[in-house]
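The values are calculated or read from the model by the stated rules, or taken from the named source; none is laboratory data. None of the values given here were measured: they were computed from a predicted structure. In this analysis, Cβ positions are derived from the backbone assuming ideal geometry, glycine residues included, and neighbour counts consider all displayed protein chains.
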Ligand SMILES: [Zn+2]
């Protein structure tokens, strides 16, 4: 289970947290200036021996509510920005909502040909995936979405930059058999480490 964040948010900790955030206008993205998790591009914040995603901490501080096992999702107007800590761009949601949201935005972006502008990081990921493989988190996201009732395999394929056949093999465990639900719990909890 994810560790509670709220209990550790003293005024000193909150002041320290915002000192790492480039606070701008209410509608703009507030970028994280502290450490970032390699590859994922999410900001991380060290708190009492815990390594936390900065957007989760921002959500806790602004809403006074621990997201617990739920994900904190980005909803940035200019395209989702993993480093954004503007509470107005953050909302709580399940892993399933997260993936469904990604598929919906990806489809929309493809339709009006603004994919590379709206989601440059996702575009790059798709190109890389074509020549390499999906990472563990992506495999778990795909299986979680399907097991949670999300059945749009073609949409998942577009979002993750692989074919529908690859998605089907992942779901039916013909590929990536070694990835288990044990890894999944840690990933869904949204912790950047221990
Ligand atoms: Zn933002």
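Just to be sure I understand the filter: pairs with C-beta atoms under 8 Å, separated by 6 or more residues or on different chains, first member in segment 72-92 and free of Cβ contacts under 8 Å to residues at least 24 places away in the same chain and within 11 Å of residue 56 (Cα to Cα), second member near the ligand (Cβ under 8 Å from one of its atoms) and in a helix (DSSP H, G or I). Which pairs pass?
Cβ pairs passing all conditions: 74/89.
Pick out the one residue from 88, 93, 43, 79 that is within 15 Å of the ligand (Cβ to nearest atom) and modelled with pLDDT under 90. Let's see the steps before the verdict.
Working: 88 fails: modelled with pLDDT under 90; 93 fails: within 15 Å of the ligand (Cβ to nearest atom); 43 fails: modelled with pLDDT under 90.
That would be 79, the only listed residue that is within 15 Å of the ligand (Cβ to nearest atom) and modelled with pLDDT under 90.
Against the condition assigned to a loop (DSSP other than H, G, I, E, B), within 12 Å of the ligand (Cβ to nearest atom), at pLDDT below 90 and under 28 Å from residue 145 (Cα atoms), how does residue 68 come out, does it pass? I'd like the intermediate steps shown before the answer.
Details: assigned to a loop (DSSP other than H, G, I, E, B): yes; within 12 Å of the ligand (Cβ to nearest atom): no; at pLDDT below 90: yes; under 28 Å from residue 145 (Cα atoms): yes.
No.
Starting from segment 14-31, keep only residues that are farther than 13 Å from residue 58 by Cα, then list their pairs with residues that are in a loop (DSSP other than H, G, I, E, B) whose Cβ atoms are within a distance under 8 Å, requiring at least 6 positions of separation or different chains.
Once the first residue is farther than 13 Å from residue 58 by Cα and sits in segment 14-31, its partners that are in a loop (DSSP other than H, G, I, E, B) give 24/30; 24/86; 26/86; 27/77; 28/86.
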